[in-house]
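Each remark here refers to the structure printed beneath this line.
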Amino acid sequence: AAEAEREAFQRLLEATEITYLPTIPTETADVVRTAVGNFDDHVITIEKGSNHGIRPGMAVVTGAGLVGSVDRVDATTANVQLLSDSELVIGVRLVSTGEVGLGHTDADDPLTFVIDRGLDWPEDDDQSLLPEIGTVVVTAASSRYPAEIPLGRIKDVYLDPENDIAMIVEVELANDVRDLSYATVLLAEGVDQVPLVPTPSTS
């Protein structure tokens, strides 16, 4: 029993110790239902909802980084679309180069995020300009979520086999969303769409 309590406490700490974006208010909740069956494989339910300030579209995280996005909300619960859903497209920034692209989780590997839009292979095939393996990838300022939420670390970079000027970056995700006991919602509204780059301001 003591060991189980320690494990539960450790999981709670992992969900609540948010060291990034310290100015954004948060709400931590128990995961009360995990997906059952193929239809809901990428959805979980948390025990808090609109009564706690949670709204659709808000980012859901742990201390390690992004988990997913709030989908449907009622007064006391909320459904979360998990990062493992390959249809969830996210704008990201490569910390080592500052480049911005769009990506999604690999449909066959829920622990791998693939950035396959918006990144160009270096001119003259200059390998020194490639993003460094092991460096962090975060949400971009142009994403639908607050910027600078970690996703994971780069594990591979290669030329797109279908487009010889495009680069594909694979990211090892920081969170295994298949095994969550707690999750934290960032109580901040995002934008509705995911452009590749921020829209220029007009006067």
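The values are calculated or read from the model by the stated rules, or taken from the named source; none is laboratory data. Quick caveat: nothing in here was measured; it's all calculated off a predicted structure. As a convention, Cβ positions derive from the backbone with ideal geometry for all residues, glycine included, and neighbour counts pool all protein chains shown. Accessible surface areas use protein heavy atoms only, side chains included; no ligands, DNA or RNA. Shrake-Rupley method; radii C 1.70, N 1.55, O 1.52, S 1.80 Å.
Would it be correct to say that Asp179 is at pLDDT below 85, within 19 Å of Asp109 (Cβ to Cβ) and either among the aliphatic types (A, V, I, L, M) or surrounded by fewer than 18 Cβ atoms within 10 Å (Cβ to Cβ) (or both)? Spell out how you get there, then give the answer.
Details: at pLDDT below 85: yes; within 19 Å of Asp109 (Cβ to Cβ): yes; either among the aliphatic types (A, V, I, L, M) or surrounded by fewer than 18 Cβ atoms within 10 Å (Cβ to Cβ) (or both): yes.
Criteria met by Asp179.
Among the residues of segment 72-85, count how many are buried (at least 17 other Cβ atoms within 10 Å of the Cβ) and either at pLDDT below 90 or over 17 Å from Asp30 (Cβ atoms) (or both).
4
Determine which single condition Asn51 fails, assuming it passes every other condition in (1) part of a strand (DSSP E or B); (2) polar (S, T, N, Q); (3) out of contact with any Lys or Arg (no Cβ under 9 Å at 6 or more places or on another chain).
For Asn51, the failing item is (1).
Any residue in segment 176-195 that is under 18 Å from Ser143 (Cβ atoms) sitting within a Cβ distance under 6 Å of a residue that is at pLDDT 85 or above and aromatic (Phe, Trp, Tyr)? List the pairs, counting only those 6 or more apart or interchain.
Gly190/Tyr145
If I ask for residues that are under 22 Å from Leu82 (Cβ atoms) and open to solvent by 30 Å² or more (accessible area, probe 1.4 Å), which ones from segment 127-146 would you list?
Listed by number, the residues that qualify are Val136, Arg144.
Determine, yes or no, whether Val157 is open to solvent by less than 80 Å² (accessible area, probe 1.4 Å), more than 27 Å from Gly57 (Cβ to Cβ) and not polar (S, T, N, Q).
Yes; evaluated as a whole, the condition is true for this residue.
Got a sec? Which of Ala59, Ala107 is over 30 Å from Leu129 (Cα atoms) and either open to solvent by less than 30 Å² (accessible area, probe 1.4 Å) or small (Gly, Ala, Ser) (or both)?
On the way: Ala107 fails: over 30 Å from Leu129 (Cα atoms).
Every option except Ala59 fails the conditions.
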